[in-house]
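What follows is one structure encoded as structure tokens, with my remarks underneath.
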Amino acid sequence: MSKRTKKKQAPKKLAKTSLTAADKLPLIEHLKELKRRLFYVAVSVIGGSMIAYGLQQSIIGILLRPSHGQHFIYTSPLGGINFLFSVCLDIGIALSIPLIVYQLLRFLQPLMQQTTHKFIAIGSALSGVIALTGVLFGYFIGLPAALNFLLHQFTSAQIKPLITIQSYMSFVTVYLLGSALMFQLPLILIFINRIKPLKPSRLFHYERHVIVSAFIVGFIMNPTPNLIDQMLVVAPIILMYQVGILLIWFINRDGVRAKFKYLFDQDQALQAERAKLAQQSRPLLEPARTIQATPVVTQSISSRPAQRTRKYVDGFVTRPENYRGFSPDN
């Protein structure tokens with residue numbers, strides 16, 4: 001018997017070691033998945049950069065158009081190559097935004113509640129469309145006003161702007177990237193709500209911080225004393241935040257309704273099951289009820305207090321002349 005028990009205990013030890021190895025496996029799998037997602041992003045950025053290199057003249061002409069004929073320089077022999085490399089890399093990243101968002105959401109999918117591949121695909125496509133809308137808004141509306149102020153406000157007969165092409169392109173890239181992120185705010189709130197449900201009342205509590213941050217960002221992106229030009233940046237940020245709160249309220253409202261509907265359905269199912277069990281157990285309880293409800297027990301219990309009361313009353317109401325040896329004359 002002892003040998004058999006030893007043989008039975010041996011597989012349990014092996015199972016324990018395999019279980020601990022399995023507990024360490026998910027972290028390794030997550031790291032492998034992160035490496036794979038980053039590889040896809042890198043391939044996408046390189047492919048977009050190669051496409052931008054083939055269209056470099058058209059792209060540079062489009063990016064230089066908001067400067068209104070301003071001349072730029074580069075101050076090193078490698079300045080032109082660095083400028084072209086940065087332009088192609090930025091265009092490659094911009095073209096890869098939908099894929100970057102898709103890979104990020106696929107990596108964070110275990111943290112999101114009830115998230116399907118269809119939702120991730122639709123969210124990634126919407127992210128690309130919204131980013132393009134933000135870039136177009138910044139290119140046609142915000143960027144010309146900012147460049148007009150920065151390139152022509154601080155000049156005189158002896159002061160002329162002499163700007164390097166790298167600094168100009170860095171400013172344009174950051175401005176367009178900020179415009180794209182500004183329009184992504186509702187979608188970012190929706191993704192955060194999938195990870196951790198947000199409350200609209202809590203979002204309204206942080207609205208004052210968003211307004212202050214919007215004015216700071218507006219002053220950085222469009223540093224002009226003209227309030228109308230600054231509101232071109234401030235107003236979309238506040239508006240996008242309000243749209244995000246409205247979407248969060250609408251999404252969570254449907255989720256609460258579905259949750260309570262599930263609870264109500266479950267309660268009705270339990271009530272139906274209890275009624276069925278009560279109906280099945282009713283024939284078994286009938287003999288016990290007839291035995292307990294006998295007339296003898298009820299009669300004895302109900303008659304005893306009445307008999308005792310009657311005897312007690314008769315003892316008091318008996319007239320004195322009924323007793324022996326009693327006469328009224330005495």
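Key figures
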quantity: In segment 170-209, the residues that are crowded, with 20+ Cβ neighbours inside 10 Å, over 24 Å from the mean Cα position of the chain (by Cα) and of a type in the set (A, V, I, L, M); calculated: VAL172, LEU176
quantity: Complete set of residues in segment 212-222 that are assigned to a loop (DSSP other than H, G, I, E, B) and surrounded by fewer than 17 Cβ atoms within 10 Å (Cβ to Cβ); calculated: none
quantity: Single condition LEU111 does not satisfy, out of (1) farther than 20 Å from LEU38 by Cβ; (2) surrounded by fewer than 13 Cβ atoms within 10 Å (Cβ to Cβ); calculated: (1)
quantity: Filter result for LEU89 (farther than 24 Å from PHE149 by Cβ and of a type in the set (A, V, I, L, M, F, W, C)); calculated: yes
quantity: Single condition GLY138 does not satisfy, out of (1) crowded, with 19+ Cβ neighbours inside 10 Å; (2) at pLDDT 90 or above; calculated: (2)
quantity: Selected residue (criterion: nearest to PRO186 (Cα to Cα)) from residues of segment 251-292 that are modelled with pLDDT of 65 or more and surrounded by 11 or more Cβ atoms within 10 Å (Cβ to Cβ); calculated: ILE251
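Here's the yes/no breakdown for (1) touching a Cys at 6+ places or on another chain (Cβ under 7 Å); (2) assigned to a loop (DSSP other than H, G, I, E, B); (3) loosely packed, with under 14 Cβ neighbours inside 10 Å; (4) free of Cβ contacts under 8 Å to residues at least 60 places away in the same chain:
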| position | (1), (2), (3), (4) |
| --- | --- |
| ALA42 | no, no, yes, yes |
| GLY48 | no, no, no, yes |
| ALA52 | yes, no, no, yes |
| PHE83 | no, no, no, no |
| CYS88 | no, no, no, yes |
| TYR102 | no, no, no, yes |
| ARG106 | no, no, no, no |
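Residue by residue, here is whether (1) assigned to a loop (DSSP other than H, G, I, E, B); (2) not hydrophobic (A, V, I, L, M, F, W, C) holds:
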{"site": "ILE188", "(1), (2)": "no, no"}
{"site": "PRO197", "(1), (2)": "yes, yes"}
{"site": "PHE204", "(1), (2)": "no, no"}
{"site": "VAL210", "(1), (2)": "no, no"}
{"site": "THR224", "(1), (2)": "yes, yes"}
{"site": "ASP229", "(1), (2)": "no, yes"}
{"site": "GLN242", "(1), (2)": "no, yes"}
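The values are calculated or read from the model by the stated rules, or taken from the named source; none is laboratory data. All figures in this text were calculated on a predicted structure; none of them were measured in a lab. Don't worry about glycine lacking a Cβ; one is built from the backbone with ideal geometry, like all the others, and counts go over all protein chains shown.
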